[in-house]
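Everything below concerns the one structure shown next.
The values are calculated or read from the model by the stated rules, or taken from the named source; none is laboratory data. Predicted model, so just to flag it, every value in this text is computed and none were measured. All Cβ positions, glycine included, derive from the backbone under ideal geometry; neighbour counts span all protein chains shown. Please note that ligands, DNA and RNA were not included when accessible areas were found on the heavy atoms of the full protein model with its side chains. Shrake-Rupley method; radii C 1.70, N 1.55, O 1.52, S 1.80 Å.
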Amino acid sequence: MPATGINALEPLLDFGVTERTLFDDAPADPIIGKLEHSVTVMKAGEQVNTIPDYAELAGNIRPVPTFNNAAVTERLQQTVAALNARSAGRVEFELTHSFFPVLTPTDAKLVTATQAAVAQVSGTAPALAIIHAATDASEFTKSANHFDTIIFGHGDDTENMSHRLNEYVDLAQYQLAVQEYEAIARRYFARSGVC
């Protein structure tokens, strides 16, 4: 009796369509760039001839300082409230993680020590770049102490190899990284700043 049920998918699909453009007006950060967002998981229904009474959707949003976590959460809550006002079903919002954007100045001691140490070991300083990834560095922003953070790793295509089925790092690259990490630590913790 499909006409008598409330299809849990309908308001959730409405949310998914709305989410596509929900942050189009979010101002880009001059350094980090645009806020990144996407719906990544959806679960609903048991079989094709039964109206689903429950549906679940999950997504990932990478806020920026110019449109921070609080602004993102508020916009999502407003969207859910608007959908609930016009739907027979009920959408609920649950925030499961809140990672903060992290930006370390290019002249920070950790950055300059890493560039110098890597150049000393391998002959070339690593290029600086912005990466939209969730890391433990976000947790350091909650501390009363200040921590400079960087993401540094090895492989011919590190960013594109991450989180793949056949993720790997070449053994020679791994061994080089061990030498570079040691050089970074020595340089960073040296009293004079020169090793």
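Number of residues in segment 36-49 that are hydrophobic (A, V, I, L, M, F, W, C) and open to solvent by less than 50 Å² (accessible area, probe 1.4 Å) equals 1. Exactly one residue out of 63, 52 is more than 19 Å from residue 32 (Cβ to Cβ) and either touching an Asp or Glu at 6+ places or on another chain (Cβ under 6 Å) or open to solvent by less than 40 Å² (accessible area, probe 1.4 Å) (or both): that is 52. Residues that are in a loop (DSSP other than H, G, I, E, B) and either open to solvent by less than 90 Å² (accessible area, probe 1.4 Å) or touching a residue at least 12 places away in the same chain (Cβ under 8 Å) (or both) were ranked within segment 1-18; the one that is nearest to residue 90 (Cα to Cα) is 8.
From the residues in segment 19-35 that are at pLDDT 90 or above and surrounded by fewer than 14 Cβ atoms within 10 Å (Cβ to Cβ), which one is nearest to the chain's Cα centre (by Cα)? Only one residue tops the list, namely 33. If you check every pair at least six apart or on different chains, which have Cβ atoms under 8 Å apart with a residue in segment 77-92 that is more than 12 Å from residue 18 (Cβ to Cβ) first and a residue that is part of a loop (DSSP other than H, G, I, E, B) second? These pairs meet every condition: 77/93; 84/90; 84/91; 88/6; 89/6; 89/7; 89/8. Of all residues in segment 66-109, those that are among the acidic types (Asp, Glu) and in contact with a strand residue (DSSP E or B) (Cβ under 8 Å, 6 or more places away or on another chain) total 0. Counting only residues that are part of a loop (DSSP other than H, G, I, E, B) and in contact with a strand residue (DSSP E or B) (Cβ under 6 Å, 6 or more places away or on another chain), which one in segment 28-48 is nearest to residue 105 (Cα to Cα)? Per the criteria, the residue is 32. Only one of the numbered conditions (1) open to solvent by 80 Å² or more (accessible area, probe 1.4 Å); (2) in contact with a helix residue (DSSP H, G or I) (Cβ under 7 Å, 6 or more places away or on another chain); (3) not acidic (Asp, Glu) is violated by residue 83, and that is (1).
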